[in-house]
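The structure appears below as structure tokens.
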């Protein structure tokens, strides 16, 4: 599996080439820290269903990253770690000794890497972004999809998606487990950890402001198109009595007053 240079983040795994370009080349460089989060020595919880499966707080593990498991202080060989579920963040590590109270008599620790913004989530954000541009940018509503959108829209789409990512972080930050990801002290977790929310809000607002300025551009949807001269133009420069063909098209004897066709016409 190809990965982003210097990381364990997979590349080229989206549903289309347009999504791959937007996610891998435009967005991931801005979200690098959140797409590869390293969790060290987390105590695992034993599943009450099968008494064999251990799980951790966060899923969406990076499959290219090393998975390390310690059982009763001893690191397990990779061959003994089985039934790994990278989506839900769970695995099995052999027979588990359980006491009469149903609690495990073993301590299992896990070190893993996970992606806070998996590709499926980012694709959903881009689908939302393109519809925002279709509906709100200057001009008539359009019906572009991510695959058919002009490449000149990619920067605007990326800013809108980045803003949505910051919004997700702000919403998730209301839950205690997501506060564990930020560099704040144990005593600050309960209170919110200082100005983390304010910093996220600033990043979100900056991205939205850039996107909104671009969508206010009257040429964002239409581009620099130049229409060919009309019959009225010819009549204006040649008079109403000029010769016309069978379909009302003037002969090429008229003057274009310096007009020249470009690549759009």
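The values are calculated or read from the model by the stated rules, or taken from the named source; none is laboratory data. In this text, all values refer to a predicted model and were calculated from it rather than measured experimentally. So basically every Cβ, Gly included, is an ideal-geometry build from the backbone, and we count neighbours across all protein chains shown.
Some notes on this structure:
- Evaluating residue 148 against the criteria (1) out of contact with any helix residue (DSSP H, G or I) (no Cβ under 7 Å at 6 or more places or on another chain); (2) surrounded by 14 or more Cβ atoms within 10 Å (Cβ to Cβ) leaves one unmet condition, (2).
- Against the conditions (1) touching a residue at least 24 places away in the same chain (Cβ under 8 Å); (2) at positive phi; (3) outside the structural domain of residue 97 (by TED's automatic domain parsing), residue 72 satisfies every one except (3).
- Note on segment 10-21: residues that are assigned to a helix (DSSP H, G or I) and in contact with a strand residue (DSSP E or B) (Cβ under 6 Å, 6 or more places away or on another chain) total 0.
- Strands (runs of 3 or more DSSP E) lying entirely in segment 22-82 (those with 1 or more residues that are within 17 Å of the chain's Cα centre (by Cα) and surrounded by 16 or more Cβ atoms within 10 Å (Cβ to Cβ)): none
- In segment 83-106, residue surrounded by the most Cβ atoms within 10 Å (Cβ to Cβ) [restricted to those that are assigned to a strand (DSSP E or B) and at pLDDT 85 or above]: 91
- Index of the failed condition, residue 59 passing every other in (1) touching a helix residue (DSSP H, G or I) at 6+ places or on another chain (Cβ under 7 Å); (2) closer than 30 Å to residue 108 by Cβ: (1)
- Segment 107-119 - residue that is modelled with pLDDT of 95 or more and in a loop (DSSP other than H, G, I, E, B) and, of those, farthest from residue 165 (Cα to Cα): 115
- Residue 135 free of Cβ contacts under 8 Å to residues at least 24 places away in the same chain and assigned to a helix (DSSP H, G or I): yes
- Close pairs (7 angstrom Cβ cut-off, 6 or more residues apart or separate chains): in the same structural domain as residue 52 (by TED's automatic domain parsing) and over 10 Å from residue 52 (Cα atoms) in segment 85-100, assigned to a loop (DSSP other than H, G, I, E, B) and modelled with pLDDT of 95 or more anywhere: 86/63; 87/59; 87/60; 88/59; 89/56; 89/58; 89/59
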